[in-house]
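The values are calculated or read from the model by the stated rules, or taken from the named source; none is laboratory data. Only a predicted model underlies this, so the values are computations on that prediction, with no experimental measurement involved. Here the Cβ positions follow ideal geometry from the backbone for every residue, glycine too, while neighbour counts run over all protein chains shown. For accessibility, only protein heavy atoms count, side chains too; no ligands or nucleic acids. Shrake-Rupley method; radii C 1.70, N 1.55, O 1.52, S 1.80 Å.
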Amino acid sequence: MPQVLEPLTKTPQTEADFLPLNGTDHVEFYVGNAKQAAHFYRTALGMNLTAYRGPETGTRDSVSYLVEQNKIRFVLTTPLKPDHPIAAHINQHGDGVRDIALWVDDAEASWRETTKRGATSVHEPSTITDENGEVRVSSIALYGDTIHTFVERKNYRGAFLPGFRAVSHPGDQPDPLARPVGLKYVDHMVGNVGWGEMNRWVAFYRDIMGFRQYQHFDDKDISTEYSALMSKVMANSNDRVKFPINEPAEGKKRSQIEEYLDYYQGPGVQHIAMATDNIIDTVARLRSQGIEFLRVPNTYYEELEGRVGKIDEPVNELRDLGVLVDRDDDGYMLQIFTKPVEDRPTLFFEIIERKGSRSFGKGNFKALFEAIEREQGLRGNL
Ligand code: FE2
């Protein structure tokens, strides 16, 4: 059955966008051992190590590695002393996303417009400089211990941010450890929040960030025998930044969102979806590089063409890899989810290829949740 999308609600034309966003700037993870994490992101996800900040560059108390693939930039940061605030973050949450940094033209105005509307300031606007110019940054609080940093980099020519040093590889060649897999950009990033808190964070994005609701489904759509959640998607005015927000819903047993909240010790980023132009090639490469994906039963593929109609990709190849397909009025999309990428069942990744569709795979949720619940059961958390 085709999925019916609600009409997109447009930002009123009379109201100028008070928070213009150019896109996602980078995502910063706080991790227990950034050196080893960087190795995983390079060899398994195929990202290039391009910049470094640490004692050798004048930062005495922490180390950060920048890894990139096309427009995707991840910063992996680890503290060097137990009394560092980052150490407390890792002790509580495990490895996870600290900062969803957004690329803006004016970090001061972004901070002023959002704090004026009720955002909690984390860092007032400041300027950081080095010989390559200056970057203006400011930060506001998001759910849990997560933050949004606004990054204004129009007067900067360096590798990433002041304080980072470009990493060169032997012979000025690309990163010899990186095995790129064709990941292009961050499509969306999903937050898990606590019971009854989804609408509060929907209101945060609407009233404080100037976003609008992109699409809506309720718990009836996405409950399985055991587990249930509710989700709303918020998007900025140019659709470059999309943040679905999940909250747990009542089910027979413990929701996957509750499992996340228990292990992350509160709200946080659940998954990061990264886009590719060729999901079959990307997923085959990721698998051969050790990334583990969730699997749905093979019966999913027997019903596939009846559900989504004709698609370009051979169904047997999708089945072999476990890639899911969903269709809406605008086209279709292919997606697959990794298992959690740390020992706590918290953050995971999605690989997505859009062929017209602008939605998030609602038609796959049931099959997918049943797959997640099998894993949850194996962990004794159902
Ligand atoms: Fe997603």
Within segment 320-337, considering residues that are more than 14 Å from the ligand (Cβ to nearest atom) and in contact with a Ser or Thr (Cβ under 6 Å, 6 or more places away or on another chain), the one most open to solvent (accessible area, probe 1.4 Å): ASP330
Pick out the one residue from PHE365, PHE360 that is part of a loop (DSSP other than H, G, I, E, B) and more than 29 Å from ASN91 (Cα to Cα). PHE360
Lone qualifier among SER227, SER237, SER168 - being at pLDDT below 95 and touching a helix residue (DSSP H, G or I) at 6+ places or on another chain (Cβ under 8 Å): SER227
Go through (1) at pLDDT 95 or above; (2) within 16 Å of the ligand (Cβ to nearest atom); (3) more than 17 Å from the chain's Cα centre (by Cα) for ILE222 and report which single condition fails. (1)
Might you let me know whether segment 153-170 holds any residue that is in contact with a Pro (Cβ under 8 Å, 6 or more places away or on another chain) and either open to solvent by less than 20 Å² (accessible area, probe 1.4 Å) or under 21 Å from LYS242 (Cα atoms) (or both)? no
Check segment 190-203 and report whether any residue there is more than 19 Å from ALA119 (Cβ to Cβ) and within 16 Å of the ligand (Cβ to nearest atom). yes
Does VAL167 fit the bill of being under 19 Å from HIS26 (Cα atoms) and more than 16 Å from the ligand (Cβ to nearest atom)? yes
If you check every pair at least six apart or on different chains, which have Cβ atoms under 6 Å apart with a residue in segment 114-131 that is within 20 Å of ASP99 (Cα to Cα) first and a residue that is of a type in the set (D, E, K, R) and open to solvent by less than 60 Å² (accessible area, probe 1.4 Å) second? THR127/ARG136
Residue within segment 50-72 that is touching a helix residue (DSSP H, G or I) at 6+ places or on another chain (Cβ under 7 Å), crowded, with 20+ Cβ neighbours inside 10 Å, aromatic (Phe, Trp, Tyr) and under 22 Å from PRO170 (Cβ atoms) present: yes
So how many residues does segment 338-361 have that are within 14 Å of the ligand (Cβ to nearest atom) and open to solvent by 40 Å² or more (accessible area, probe 1.4 Å)? 2
